[in-house]
Amino acid sequence: MKQALAAGLHIEESKQTVLRLEAGTPTRIRTSQLEELLSLYDASPEEREEALELFAEAKEAKGDPASGWWRGYSDLVNSNFDHFAALEQACQRMIAFQLTLLPGLLQTPEYRRWIVTAANPAMTAVDVERELELTARRQRRLTDDLGFVPEVFLSESVLRYRVGGPGVMREQLRHLDITKASIRVVPFDAEGHLGLVVQSFTLFELPALRDGRMTMPPVVFVEGFKSLLSLEDTSAIEYHRQAIRDLDRVALDQHSSRALVQQIAEEHSEPPRLFGRFFPCEGCGPCPSVIRSSSVSVR
């Protein structure tokens with residue numbers, strides 16, 4: 001413990017950070033800090049070379065947030081997005097659950113435009129277009145990496161909210177029908193599941209290092225209104241894996257999910273109803289599925 005405290009002071013980190021590093025637990029330190037620790041521990045040249053090589057491979061496997069192309073959009077997104085984007089581009093497997101909105105990799109431009117302007121009405125037209133460009137560049141991995149297929153669980157509410165209006169939603173749901181992703185819908189009449197408790201999240205699984213000696217641990221991102229919280233400890237990962245097992249149990253299979261998506265897409269072609277009667281719809285703006293407290297959505 002004294003050695004860990006001394007090492008922590010040496011690199012200006014806590015002793016807990018050093019203990020996690022020594023135990024092989026995910027820990028964020030800089031290359032220069034690792035070099036200082038290796039000098040403090042009197043590592044041999046061979047040990048030093050091996051440790052630095054493994055550290056570099058681990059950073060490459062997780063993606064390097066400091067050098068990614070997405071850094072050019074850092075003024076538009078929150079500080080944790082760099083880490084999220086690096087993992088999204090580097091992961092070998094991505095599993096997401098969404099309660100209200102589609103994940104960025106699956107969004108059409110007009111769907112994304114509505115989200116951006118609703119979240120920040122004061123954003124300039126130029127920055128709105130930059131946001132759409134950022135989303136489009138993220139989505140290139142779907143076409144450039146043939147082995148990458150996101151696994152997405154969607155609450156039925158995601159399909160029914162009229163984000164951007166019925167026309168935008170109709171186009172968005174038809175896009176889901178052709179996008180390269182495994183989509184499974186959790187219907188409204190599903191049994192209770194852990195996803196309702198943990199809320200929306202994304203789990204990234206990372207590739208093994210080149211020599212196969214080490215597998216990088218998964219990372220979970222939990223979403224807030226203006227924040228992304230990353231979780232890497234074993235208990236948090238297992239909790240979200242249990243949520244995924246629960247979602248797998250209650251969600252429709254891919255074939256039935258696709259049928260429901262197609263059905264709801266056609267329902268977005270219809271004006272909203274109130275007690276069986278149609279409301280006129282000009283299609284000129286956001287059209288919520290619940291217009292008044294007495295209205296109901298029609299399946």
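Rule-based calculations on the coordinates, nothing more; no lab input. Computed from a prediction, not measured in an experiment: that's the story for all the values here.
General remarks:
- Fraction of beta bridges assigned by DSSP in segment 79-278 that are antiparallel (%, nearest 5): 65
- Taking the centroid of alpha carbons for each part, segment 233-262 and segment 119-147 are 26 Å apart.
- Per residue, the convex hull spanned by the Cα atoms of segment 79-278 measures out at 144 cubic angstrom.
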